[in-house]
Every structure is written in structure tokens, then in C-alpha cells.
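Asker: Structure in C-alpha cells, see below.
Nothing in this text is a laboratory measurement; each read-out follows from the coordinates by a stated rule. Computed from a predicted structure; not experimentally measured. When we count neighbours, we look across all protein chains shown, and the Cβ atoms used for this are built from the backbone with ideal geometry, even at glycine.
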Amino acid sequence: MEREGTMERVDRADGARSTHRRYEDLEGQEGRQVFFRPHRHSAADLAPLAASVRCELAGATLDCPLHDVSQSGIAFRWPAGAPVDAGQLLRLSLRFDDHEAFRGVVKVGSVRRHAGATVIGASFQEFLLDVEELHQLRAVRGWGAGAPRLELAQRPWRVAGGERFQALVSELRLHFEDARRELGELEASLPWEVLGGPPNPARAALVERLRGGFVADVVAQTEAIAAALAEVPGGLANPGARQWSLRHLDEHLLAAPSAQRALRKPFGYPGDYEMMNFIYERHFEGPTLFARAAGLAFVATRAPLAVRCRKDLVRDQLGALLARRAGSHEPVRVLSIAAGPAQELFELFQRLEELPAPLEVVLFEQDRNALAHAWRRLHATAAVRFPGRLRLTFLHDSVKRLLRDPRLFAGLGQFDLVYSCGLLDYFQRATAVVLTRRLAEVTRPGGRLLVANMVDHPFRWVMEWHLDWSLIYRTREELLEIGAAAAPGAQGRILEEASGANPFLELVPS
Ligand SMILES: C[S@@+](CC[C@H](N)C(=O)[O-])C[C@H]1O[C@@H](n2cnc3c(N)ncnc32)[C@H](O)[C@@H]1O
């Protein structure tokens, strides 16, 4: 064993050396080292606890600001002129806020000058202050600043006057939770190929059953929530209602890949052609049965339904136009603005055995992938089936240029039918008027321009709050007014699709 300062170094059996000291070698300390000086805590250290020291002196009560305090003593300012001597006993109480930490006798040990004031140092008699308790109290009292306030009134999801809205949203959440569990159990019991393999009767039956139950209920509940929200002060602009909905429903609504895409907007803008494909065809997709069911519910709600209904209207209008022109040698000329996946054309061509009249279609779209997708499908379903009868032109350009340049379509001639769906809803009125004017200009006299725009609908709250998908909703009157401003000489009216949420402005130039 060798001695090194105050440390013992002990050779262990394995030859390693330890710096630990053994209990049997501890000798205690001597002289000054025995002196125990507890840590002092200034009044500022203990903030936000407010310290108060009250001394009794000759029948009077003196309030003495605390200087510092330790386990064993206290220092405080002494009123100028009041008599005091070292060794004197004083009776005092020490409080922090409303907590009395000490009441009793202290012995004055020092009287000194500090920063122009008299400061007394005194020791508690037969008492040790529980400083740890003070720190705990300080931690709890100090928690308020910057920390959650645990006050109901401060909760961001409070909805004053929104009890019905809240109840319906909570109900929908519970419905989702239960469905998630129940569908999880069903999924676990099904052979993989029912959901994972090619289409099969069991999957079709499952979809039918979901549509008649879970989906129908979710749709009805979203509409009931919209009606209740209309009664909430501020409606859609009520921040508490929005928070309430996000907290309850986000994870369930966003379980569907379609809803995820709507929210994430991977192309940087809402309503890209893949999103439209979800709405048109990809209804039962997702990593779990619940995700698929949520997707099925999503596409059954009012806005996606309206998208399909407006597509049906255009498809049927074009079909009727072709039928009216049956036998004509003059081609029917059609212009689709912001064509996206061109689902209406795809469906129409699938339905037709043959084209009643030659057809020329120009698809105008800013997304080249959307055009490529449309080309692939239309080429396969139509161009090869109707050789010499169908001409498809894909124009990759932006409406922005059309707005600036009235001659953009100059070389294309005039059209019997011009339509745009899902576009006007993104443009402010002035832009909407110019766009409508440009389109009316390329519609032949007696031809038809159809411009769709969503009106307010009961799925709007989900789109805006959960999917961050805002549109410029217009009334039918506003649509007619845009038509009148864009093409004063044209005949204007409103055409309704089946959902009632996405009317068309129809203009017939004379
Ligand atoms: C909501 S989708 C509608 C697609 C299609 N009309 C339909 O109803 O299925 C909107 C489409 O407008 C296209 N688009 C958006 N801004 C455009 C612009 N400035 N010029 C041309 N197309 C645009 C998008 O690429 C997208 O395909």
C-alpha cells in the first residue's frame, strides 16, 4: 500500500490499482476541515418564490428584506436606526409566498454594511431549514412560465358554443377507433389473397358491405358535422373547432393513401392527376384493411363524389354531342383545359363501339406526366380502335400563358365543346374572368363552353382542416356573373351535376 496525497492506492489481487478508499481507512478530518459551511441561497436564487422576513422587536413588527438563507442561518436587511447587537436573540418568521418555512428564535452573529444597508447574519436555533423543500416549491411555482398552463380555458381546442359539433366529431373518432380494431381482427382472419391478390368475389363482397355500412355512416357523420359547424361561432374560421377536429380525426382520416396524397401534395399543388386517379378509380387501396376502408369513405364524401359527377356530366355531354352529329363528315372539335387524366374521355371511348362522327380533341395541361398518362390510356382505348376517326392533340402548356397571350390558341381554330373542370376553383375573380373570356373566344358560335366551379359543400371542413386543400368556392350567381363579364354576348346558364356541389357555367357564344 502506498500513500498518495489523501488518496489510498490499493493493489488488488488481479494487479489492478484502485483509487477508492476503504471504510476501514477513513480517519475523519481535523481542525478547519471540520467546519461545515452550508450553501447560501440568495433571494433572487429562490425566485419566483417571494421571501418575506418579519422580526418582532420591542412589540413592533419589522419587515426585513431577505438577503440570503442557508440550512442553518439567514441574512436580511435591517431597518436603519433600529437597535441590534451581535449575540442578540431575535424572534422572526420566514415565509416564501404563503409557505412559512421557519418561525422561531435566531441568534445575531454579525451586523455588517452591504451596498449601503445594514445586513444582519443570524443562525437558527435548534433548527435546520429544509432547503430541498424550498427548491421543490420553487420548481412547481416556476413551472408556469413557458410551460403548459393546465387550464381548461387555455386549451387550443376549446369551442365555446360548439357542443354539438364536438359531440359529433368525438363520436366519429370513436367510430373510427372501433372500426380500426374490428377491421384489424377481420383482416387477420382473412387469407392473404382476399385483399392482396387479384380481384375476387370475397373482396367485392367486403367492399359492398363496407359501402353500405361503415362508409355510409362516415359520410353521413361528416355531413352532420358540417351542419353542426355552421352553428359554431366563426364556423370554419373557428380555431378551436379546427383543433378539436385535428386532435380527434386526423390520424383516422389520413390512414387512407388518397387522403395522405391530398395532404402531402407531392407535385407541390393540390389535385394532381394521381390524386384524380384516386378519386376516379383507386378507391380501395392501403396498407391495412382499415386504411382501405378509410379510403373508400374518403372518396364517397361530397367533394370526391362531385368530381366524379362533373366528369360524368362532361362525358355524357360529349357523348350526346357526338350522337347529335352522327353521320357528319365534319369532325366534332373538343378542347379540354387542365385535362388531368382525361377520365371522361377514357370512359366515353370505353363505352362507344364506334365513333358516330370524327372527333378531334385537344388536351391542354401543364403537367407532362398527366398528359403522358392520358395519352397511354386514350391511345390504347381509342386511337387504335377508331383509326382515322379520332385525332388527339396533347398541348403541354400553362393557363398562365393563355391568360397573357390571347393568341395562344389562334392556330387551333374554334371548338364545338370547350370544358374545364377543377381549374376555375383556384383562380381569383379577375383571372377567372380572363380565362373564361379566352375560352369563350375559341368556342364557335352555337358551341358550348362548360366551366365547373365547386360551391360550398359539407366536406369542405375536412378538405381545409385535414387536407390543407382550399378552393375558391363560388355561388351559382357568382359563376353567372363571371360568365356575363367574360362574354357579354353569350347565353349563360348553370348546369348541375348529380352531387349538387360542382355546377358548371355554360356559355353559348352567338
Ligand atoms: C383538379 S385537376 C382536374 C383535372 C381534370 N380536369 C379533371 O377534372 O379530372 C387540375 C388539373 O389542372 C392542371 N393545372 C393546374 N394549373 C394549371 C395551369 N396553370 N395550366 C394548365 N393546367 C393546370 C393540373 O396539372 C391538374 O391536372
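Asker: Evaluate E = 1/(1 + (r/R0)^6) for R37 and R91, where r is the Cβ-Cβ distance and R0 equals 25 Å; express this FRET efficiency to the nearest 0.05.
Answerer: Calculated value: 0.45.
Asker: Pop out the ³J(HN,Hα) list for the range 331-348 in order, Karplus 6.51 cos²θ - 1.76 cosθ + 1.60 with θ = phi - 60°, rounded to Hz; leave Gly and Pro as x.
Answerer: x, 7, 10, 10, 10, 10, 9, 6, 5, x, x, 6, 4, 5, 5, 4, 5, 4
Asker: Further, regarding this structure: Give the longest segment of the chain that steers clear of GluC sites (Glu not before Pro) in DSSP loops with at most 10 neighbouring Cβ atoms within 10 Å, not counting the sites themselves. Can you show the working numbers first?
Answerer: Numbers: sites that count: E27, E30, E126, E151, E353, E354.
After excluding every exposed loop site, the longest remaining stretch is 152-352.
Asker: If R₀ is 30 angstrom, what is the calculated FRET efficiency for the pair E281 and V508, using the beta carbon separation as r and rounding to 0.05?
Answerer: Details: r = 32 Å, r/R0 = 1.08.
Calculated value: 0.40.
Asker: As a footprinting exposure proxy, order H329, H175, H283 by other Cβ within 10 Å, with the fewest listed first.
Answerer: H329, H175, H283
Asker: Using 0.36 nm per residue, how much length does the chain from S170 to A326 gain when fully extended, once their Cα-Cα distance is taken away?
Answerer: 50.6 nm
Asker: Right, here's the next one. With the contact rule set at Cα under 8 Å and sequence spacing of 6 or more, what percent relative contact order holds for the chain?
Answerer: Working: 809 pairs, mean separation 47.2, N = 510.
Answer for the chain is 9 percent.
Asker: Could you pull out every one of the aspartates and glutamates with an alpha carbon less than 18 Å from that of K107, ignoring same-chain neighbours closer than 8 positions?
Answerer: Candidates past the 8-residue exclusion: E56, D63, D68, D85, E126.
Asker: Here's another thing I want to ask about it. Round to a whole angstrom and tell me the spacing of the C-alpha centers of the range 400-433 and the range 181-206.
Answerer: Comparing the Cα centres of the range 400-433 and the range 181-206, I get a distance of 46 Å.
Asker: Stretch A202-S123 to full length: gain in nm at 0.36 nm per residue minus the Cα-Cα span?
Answerer: Residue separation times 0.36 nm, minus the Cα-Cα distance, leaves 19.9 nm.
Asker: Under a plain spin-label model, where a point goes 7 Å from the Cα along Cα-to-Cβ, how far apart in nm are A380 and R155?
Answerer: If labels sit at A380 and R155, their model points lie 5.2 nm apart.
Asker: Quick check on the chain: what are the equivalent-ellipsoid semi-axes from the Cα gyration tensor, as sqrt(5λ), descending, whole Å?
Answerer: Equivalent-ellipsoid dimensions as semi-axes: 80, 31, 23 Å.
Asker: Could you run the Karplus curve 6.51 cos²θ - 1.76 cosθ + 1.60 with θ = phi - 60° over the range 353-365 and give me ³J(HN,Hα) per residue in whole Hz, x for Gly and Pro?
Answerer: The phi angles translate into 6, 8, 7, x, 9, x, 9, 10, 10, 10, 10, 10, 7 Hz.
Asker: Subtract the Cα-Cα distance of A430 and Y269 from 0.36 nm times their separation in residues, and report this length gain in nm to one decimal.
Answerer: Gain on stretching A430 to Y269: 55.9 nm.
Asker: Under 5 Å between amide H atoms, partner at least 5 residues away or on a different chain: which partners does G73 have, H built in plane at 1.01 Å?
Answerer: So G73 has HN proximity to F124.
Asker: Let me ask you something else. Which trypsin sites (Lys or Arg not before Pro) does the range 369-477 hold that lie in a coil by DSSP with at most 13 other beta carbons within 10 Å?
Answerer: R407
Asker: Let me ask you something else. With charges set only on the Cβ (+1 for Lys and Arg, -1 for Asp and Glu), what does the dipole of the chain come to about its Cα centre, in debye to the nearest 20?
Answerer: That gives a dipole near 1540 debye.
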